[in-house]
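Working notes, structure below.
The values are calculated or read from the model by the stated rules, or taken from the named source; none is laboratory data. All of these numbers come straight from a predicted model, not from anything done at the bench. Positions of Cβ are generated from backbone atoms using ideal geometry, with glycine treated the same way; all protein chains shown enter the neighbour counts. Surface areas here come from the heavy atoms of the whole protein model, side chains and all, with no ligands, DNA or RNA. Shrake-Rupley method; radii C 1.70, N 1.55, O 1.52, S 1.80 Å.
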Amino acid sequence: MKKRFKLTDLDCANCAAKMEEAIKKIDGVHDATVSFMAQKMTVDADDARFDDIMKEIVAVCKKVEPDCIINL
């Protein structure tokens, strides 16, 4: 399943790159992109576990950029 999410308060391109790299390492994620310029994140992950994977993604992103909000 591939979904796109709007991001709020993503402050820098370096943070976006770190978030993208961390998301791609999560088990069940096929691909991910985080765009600082567009303030958007695209996630391609297993359908059956998508909600659980999104919880992991939110946790990982909070570690990199605590102020960033993923609008689910």
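Some notes on this structure:
- The set of residues in the range 51-72 being free of Cβ contacts under 8 Å to residues at least 60 places away in the same chain and open to solvent by 60 Å² or more (accessible area, probe 1.4 Å) consists of 51, 52, 55, 56, 62, 63, 66, 67.
- Number of residues in the range 58-67 that are over 10 Å from the mean Cα position of the chain (by Cα) and under 13 Å from residue 11 (Cβ atoms) equals 4.
- Residues located in the range 16-50, provided they are assigned to a helix (DSSP H, G or I), under 18 Å from residue 6 (Cβ atoms) and open to solvent by 20 Å² or more (accessible area, probe 1.4 Å): 20
- Criterion: charged (D, E, K, R) and at positive phi - qualifying residue of 51, 9, 44: 9
- Qualifying positions in the range 7-32 - touching a helix residue (DSSP H, G or I) at 6+ places or on another chain (Cβ under 6 Å) and of a type outside the set (A, V, I, L, M): 15, 18, 28
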